[in-house]
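Single-structure report; data block below.
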Amino acid sequence: MTSGTSDPIQNIVDILLHVGERIVEVSRGQVMTRIWDREGSPLAAYRSYYEGKRLDEVRNDSTIAQCRSSVEEAFATGRNSYTEYISYSNDNNKVVAYSLRVLACHPDKENYVFLVIDNISTGKENLLIEDKWKMALDASDQGVWDANMAARTIFFSEKWERLFGYSAKEIVDLDEWAALIYPDDVTVAQQRVQDYLDGKTPIYSAEVRYRCKDGSYKWILSRGVVVDRRADGVPVRFIGTHTDISEQKEVEEELRHTKETFANSFNYSGIPKAIIAPGGTWVEVNDALCKVTGYTREDLELLDYRDITFPDDVDIDVPYIQQLVTREIPSYTLEKRFVTKTRNVLTTIVNVSLVWNKDDTPKYFVCDIMDMSDKKALSDELNRRNAQLEATTVSLKHKIDQLEELNHMIAHNLRGPVGNIKMLSEGGSDIFPDKEALEMIHISSESLLDSLDTMMEVARIRLEKDIEYDNCDVAEIVHSICDQMRGIIYQNHVEVVLDLEVPTIRYPRAYLESILYNLISNSIKYRREDVRPCIRVSTHAENGVVQLSVKDNGLGIDMDRYANRVFKLNQVFHPGHDSKGIGLFITKTRIESLGGSIIVRSKLMKGCEFVITL
């Protein structure tokens, strides 16, 4: 387990930026391919001037010119070099001193070296630069060490001292430092150093335990690079960082202990079990789970639980997971389907609980997955029988409701016209002149005939059983309806838009034409005068069921007042539009007679949308 980026180049650069203000990656062809600047460095403003250029193309920078021969030597010998260079600044009439290091420690050392540039102007250009860069090191979140291999001395940053509890005077040489390593980790540390010095790894990196001043041990990720060597290649200066990874190691240990604790129940339980990480990957599975799904442990390591979940059930437990994470529930149980390696659908009952880290973050989910396929088959058969019985009950109740509604219609719609005729025939002539009385009888008769026609149409629709179904081209039907209403459509600039995911619908053509004609004509009739009328006819399929929608931007319906009356007989919501309130009632009757349904979504002055499930 490691900390930080996995990019070895970036790891080296992060360390070198503690030593230099600018790090330049230089190719064998002496091209400055990449440049990194320390945060806040004024050099960053001029990075684009140098990046991508050869060293000899930079004519006005004597510092870069000083590096050319050192770069050539580094590629030829593989050795590092260090020089200090003093130049005169014309801008402020000051002497500027730089340290220039060419380091052959690039992971691709055959093709690249690092150039480390630092401004060491202190007024004492010949002094070592330790004080300057060591102060910068304390801006880092890591403890930093700097070892002089020749003098066998070592320097630590203040962050390092706070990390381990030692003062700068207590640990001053390499032997004292090495003595802090946990005995069992000494061999590991020595081997990692040797691997780096032998060129087997791009940087020195080791996870070891160090003893703190209070006697406790901390797990440390130690990383470093050699930044200076003698002419014979022997390392002189070795710098690096220490990062506390104790908490990460504790998590690893806790997970190992948890695996041991659950090992017996996992291995010997007949119930499929799994531990799943918060991201969905399989942390551990038992033999029973492998057996029931057909996947090996190696297979599952490459997948997460979603990959073997039945597509329709992938998100079924997302709300419950959220409740687990917010501690609203301690666990949940639900039915969920998985897909075996042989593509069989496996019905299970899943019980899931959540284990937490010490910092109250989710650690992993513990899942019991019980195969319920056989029981599910029996349950489904029972449910089918119950559904048939329930459907029969609902159908019977629906027919009774229809009869009651028809009785109510007859009583309500005929009472007024018949009463008027009876009153006029029994003495109305004494109250009204003959002509007016005859006119009233004529009006009542027409109303009576209209009501009888409506009720006969309703009865015919409900009693009609052998209705022939057609393959209806929705676009062709809508175009035909628009042709019938071409005049009013042209006169009112009506726009009719088709959005047909399902272009052909299996439905009685006469019924579909009647339904669409009624809804489109209503959209035109109840249009708004301040906007161009737009009617959108769309179809789509959901779970194998086709839905037809007719949506407009017209007057709309006040659903707060009329929601329960929209599809009733003789309901008029916008007076003055020559409406009898029959069309929607007939439309709903036709749709329901074929087992469908219709709903309306509407807001006043926002238009209506009628959605029909066929």
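The values are calculated or read from the model by the stated rules, or taken from the named source; none is laboratory data. The structure displayed is predicted, hence computed values, not measured ones. Positions of Cβ are backbone-derived with ideal geometry, glycine not excepted, and every protein chain shown enters the neighbour counts. Only protein heavy atoms, including side chains, enter the accessible area calculation; ligands, DNA and RNA are left aside. Shrake-Rupley method; radii C 1.70, N 1.55, O 1.52, S 1.80 Å.
A protection proxy built from the mean count of other Cβ atoms within 10 Å ranks the segments 192-204, 39-51, most packed first, as 192-204, 39-51. Say a paramagnetic label sat at a point 7 Å from the Cα of Leu302, along Cα to Cβ; which residues of the range 311-344 have their backbone N under 14 Å from it? Answer for this model: 341. Of the accessible area of the range 285-362, with the probe set at 1.4 angstrom, what percent is carbon plus sulfur? Carbon and sulfur: 51 percent of the exposed surface of the range 285-362. Normalised size of the range 236-320, defined as Cα radius of gyration per 2.2 N^0.38 Å with N residues, equals 1.51.
In the full protein context, the range 337-384 carries 59 Å² of accessible surface per residue, based on a 1.4 Å probe and ignoring ligands, DNA and RNA. When the P(r) of the range 338-381 is calculated, the portion above 15 Å amounts to 59% of the C-alpha pairs. Computed over the Cα atoms of the range 185-261, pair by distinct pair, the Kirkwood hydrodynamic radius stands at 14.3 angstrom. Residues of the range 598-614 with the amide nitrogen closer than 17 Å to a label point 7 Å from the Cα of Glu495, along Cα-to-Cβ, please. In the range 598-614, the label zone of Glu495 (backbone N under 17 Å from the point 7 Å along Cα→Cβ) covers 606-608.
Equivalent-ellipsoid semi-axes for the range 170-315 (Cα gyration tensor, √(5λ), whole Å, largest first): 45, 19, 13. For the range 199-293, the solvent-accessible area with a 1.4 angstrom probe is 47 square angstrom per residue. Oblate is the label for the range 147-235, because a/c, from the alpha-carbon gyration tensor with a ≥ b ≥ c as root eigenvalues, is 1.5 or above and a/b does not exceed b/c. Taking all protein chains as they are arranged and a probe of 1.4 Å, the heavy atoms of Thr153 leave approximately 60 Å² accessible to solvent. The Val545 and Asn267 beta-carbon pair, evaluated with R₀ = 45 Å, returns a calculated FRET efficiency of approximately 0.45.
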